[in-house]
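The values are calculated or read from the model by the stated rules, or taken from the named source; none is laboratory data. Just so it is clear, the structure is predicted and the values come from calculations on it, not from any experiment. Here the Cβ is made from the backbone with ideal geometry for all residues, glycine too, and neighbour counts use every protein chain on show.
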Amino acid sequence: MHLKTILNRVEHYKSFVYGEMRMSEEAGRPRIEVQVRPRANGRPICSGCHRVQPGYDRLAPRRFEFVPLWAIPVFFVYAMRRVDCPDCGVTVEEVPWGDGKCTLTKSYRWFLAGWARRLSWKETAEVFGTSWEKVFRAVKHAVMWGLVHRELKGIKAIGVDEIQWRRGHQYLTLVYQIDQGVKRLLWVARDRTEESLQQFFAILGNRKSARLKFTCSDMWQPYLNVLREQARNAVLVLDRFHVMAKFNKALDEVRAAEARRLEADGYEPVLKHSRWCLLKRRANLTTKQTVKLSELLKYNLQSVRAYLLREDFQRFWEYQSPAWAKKFLREWCRRAMRTKLSPLKKVVRTLRKHEDLLLNWFRAEGTISSGTVEGLNNKAKLAMRRSYGFRTAEGIEFALFHTLGELPEPKFTHRFC
Ligand SMILES: [Zn+2]
């Protein structure tokens, strides 16, 4: 069987045929070169207007990198024709395997992009003997194609979250679709200002924004402002994960302050290494940590009181009716205020300020599952790590869209990966 037979099976062109194929050596490595020529009587197509136009001349042969075969690089060699187009002037022809000035064929770009979703970008480059930059270009192309061709219809629920992409408060704003059955990244913007989120609504448009039923966010005020303004018909829900994160932060502060005080008073350092016992929920504790916790509970410590209050708050999420949840919330806040612990009082102030939004959790009737945004956010962090080598927000944006965007791809006659 000839290589030509395989190529015609996996990558057949109406107006071009494969000619001579040969293997050569370059720097001690084999490579396969495949000559491509136009079919007899095949007339060139202008890349400006996509219409058949009279030929003008031919350029020197160029090489286009194709999907490697048995780890041997494969190149198409083709001398591009130029057309004399009445509308576009003298223009290079359009060819089905590539576009513009890119030296990678379309098939190879989608091949690299496909692998870059499974492996890190660095690994992809290594495995297929190419450069990180080429992998980057392939992913960028796949994302651009996907963004142009994706549908934004039928979005009912969105979640907004921020992610730190670089030290020193460098954030990206991420908007996810969190409908049952469709969870994907819809938008990435720099910073976490109102402007960052406004950009998403500008893309979504007024009509689709008006159809949103639920929006979900943390307590970051700029997000809340924009969600209230732009998604007017939606129930705004505070993300359970982020609410509980406030408790953990408060618990941490109480514990740290108390540990310092105990040590200064000459008590044994009972709170050392107890951080995780206090932060973790009881059900998630290991045996050793459980012992530590029971040891801790013997003391009537502020940390323990704060811990128990946090644990008790978990009951809030289990209510069915907003009215009873509200009663619980107010009662809980009163008890927390009595502890006179300032980190807890801060939590209470936050809860009171956002009481309405907290109670929306029950108005959404379980439509928003607590882990959704958090789960997507963890995937986003993983995607950032796997594409490392980035110094720019732009690169990270492409990586995030590529792995979390559920972006469409063109239909192929043959899938290379
Ligand atoms: Zn033209």
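Selection over the range 101-118 of residues that are out of contact with any strand residue (DSSP E or B) (no Cβ under 7 Å at 6 or more places or on another chain) and either in contact (Cβ under 8 Å) with a residue 40 or more places away in the chain or within 12 Å of GLY48 (Cβ to Cβ) (or both) gives a count of 6. Look at (1) within 16 Å of the ligand (Cβ to nearest atom); (2) of a type in the set (Phe, Trp, Tyr); (3) surrounded by 20 or more Cβ atoms within 10 Å (Cβ to Cβ) and you find that TYR56 fails only one, number (3).
Over 29 Å from LYS346 (Cβ atoms), surrounded by 15 or more Cβ atoms within 10 Å (Cβ to Cβ) and touching a Ser or Thr at 6+ places or on another chain (Cβ under 7 Å): which single residue out of PHE214, PHE201 fits that description? Explain how you work it out, then say what you get.
Numbers: PHE214 fails: over 29 Å from LYS346 (Cβ atoms).
Criteria check complete, one pass: PHE201.
The condition of being touching a Leu at 6+ places or on another chain (Cβ under 8 Å), crowded, with 16+ Cβ neighbours inside 10 Å and under 26 Å from ARG137 (Cβ atoms) holds for VAL92.
Scoring ARG330 on the criteria (1) modelled with pLDDT of 95 or more; (2) under 13 Å from VAL243 (Cα atoms) leaves a single failure, condition (2). Just to be sure before I move on: is ARG192 surrounded by 21 or more Cβ atoms within 10 Å (Cβ to Cβ) and assigned to a loop (DSSP other than H, G, I, E, B) in the structure I sent? Judged against the criteria, ARG192 is a match.
For the range 115-130, the count of residues that are modelled with pLDDT under 90, farther than 30 Å from ASP57 by Cα, touching a helix residue (DSSP H, G or I) at 6+ places or on another chain (Cβ under 7 Å) and of a type in the set (Ser, Thr, Tyr) is at least one.
Return yes or no: is THR103 within 27 Å of GLU26 (Cβ to Cβ), of a type in the set (Ser, Thr, Tyr), in contact with a helix residue (DSSP H, G or I) (Cβ under 9 Å, 6 or more places away or on another chain) and buried (at least 19 other Cβ atoms within 10 Å of the Cβ)? Against the criterion (within 27 Å of GLU26 (Cβ to Cβ), of a type in the set (Ser, Thr, Tyr), in contact with a helix residue (DSSP H, G or I) (Cβ under 9 Å, 6 or more places away or on another chain) and buried (at least 19 other Cβ atoms within 10 Å of the Cβ)), THR103 does not qualify. Answer yes or no: is there a residue in the range 111-124 that is in a loop (DSSP other than H, G, I, E, B), within 16 Å of the ligand (Cβ to nearest atom) and either surrounded by fewer than 21 Cβ atoms within 10 Å (Cβ to Cβ) or not small (Gly, Ala, Ser) (or both). No, because not a single residue in the range 111-124 is in a loop (DSSP other than H, G, I, E, B), within 16 Å of the ligand (Cβ to nearest atom) and either surrounded by fewer than 21 Cβ atoms within 10 Å (Cβ to Cβ) or not small (Gly, Ala, Ser) (or both).
Here is a yes/no grid of residues against (1) outside any loop (DSSP other than H, G, I, E, B); (2) in contact (Cβ under 8 Å) with a residue 12 or more places away in the chain:
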{"position": "THR130", "(1), (2)": "no, yes"}
{"position": "GLU162", "(1), (2)": "yes, yes"}
{"position": "ILE178", "(1), (2)": "yes, yes"}
{"position": "GLU229", "(1), (2)": "yes, no"}
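If only residues of the range 36-51 that are in a strand (DSSP E or B) and buried (at least 16 other Cβ atoms within 10 Å of the Cβ) are counted, the one that is nearest to the ligand (Cβ to nearest atom) is CYS46.
Hey, could you check the range 64-89 for residues that are loosely packed, with under 15 Cβ neighbours inside 10 Å and outside any loop (DSSP other than H, G, I, E, B) and say which is farthest from the ligand (Cβ to nearest atom)? Top of the filtered list is ILE72. Among the residues of the range 52-63, which ones are over 22 Å from GLU20 (Cβ atoms) and either outside any strand (DSSP E or B) or of a type in the set (Gly, Ala, Ser) (or both)? Those that are over 22 Å from GLU20 (Cβ atoms) and either outside any strand (DSSP E or B) or of a type in the set (Gly, Ala, Ser) (or both): GLN53, PRO54, GLY55. Starting from the range 72-94, take each residue that is in contact (Cβ under 8 Å) with a residue 24 or more places away in the chain and list its partners that are within 10 Å of the ligand (Cβ to nearest atom) and among the hydroxyl-bearing types (Ser, Thr, Tyr), counting only C-beta distances under 6 angstrom and pairs at least six apart or across chains. What qualifies is VAL83/THR91; CYS85/THR91; THR91/SER47; VAL92/SER47; GLU94/SER47.
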